[in-house]
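A quick write-up on the structure given underneath.
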Amino acid sequence: MRDRGHAGYGRGMASTAANRVRRPVHPGRKRLALAVAMVAFGSFLPWVQTAVGNLSGGNGPGLWTFYGAMFGLAGALLPMRRLGAFQATVLSVVAVVLPAWQMVRMLRLVGTEGWLPGPGAVLVLGGGVLAGVAAWQLWHAPAADPAA
């Protein structure tokens, strides 16, 4: 015996969910989500490798790039494209400027001897470039056709 007095139980709920039309995800949102993952992961990896040891990004500018990644995550999840494009732009600026500044600072302090850019700085920089591409796509490209 089935209780038909409660809405949402039984076969009626399944048929309603199966008929729901979902909008396709904009390609810029997919790129922004990948950029967020790259920046968030790279923020805590080593940014500078030396013979003495590695310098983690989480102790310095990597924390700020992680904050930018969380701001970019909101842009990837929000349904408003222009706002997502703005948030992707902020992430792009933060994730490109901070690793570049860190490398220029190391070049001025130490020169080219004894250190290498770490995988974290490279990953964050790559994520920043990808966020810039996603921002351009979200701002300029038309929305995906919901009928397709």
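None of the figures in this text is laboratory data; all of them are computed from the coordinates on show. Keep in mind the model is a prediction, meaning the values are calculated, not measured. Please note: Cβ atoms are built from the backbone with ideal geometry, for glycine as well, and neighbour counts cover all protein chains shown.
So what is the relative contact order for the range 26-140, in percent, with contacts set as C-alpha pairs under 8 Å and at least six apart? Intermediate results must be reported in sequence, preceding the final value.
Details: 215 pairs, mean separation 49.5, N = 115.
Value for the range 26-140: 43 percent.
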- Message: If I model a spin label at residue 50 and residue 30 as a point 7 Å from the Cα along the Cα→Cβ vector, what separation in nanometres do I get?
- Response: 4.3
- Note on the structure: One point scatterer per Cα, no solvent, Debye formula: log10 I(q)/I(0) for the range 15-83 at q = 0.20, 0.23, 0.27 Å⁻¹ comes out as -0.82, -0.93, -1.08
- Task: Against the globular-protein guess of 2.2 N^0.38 Å, express the Cα radius of gyration of the range 26-140 as a ratio, rounded to two decimals.
- Result: 1.09
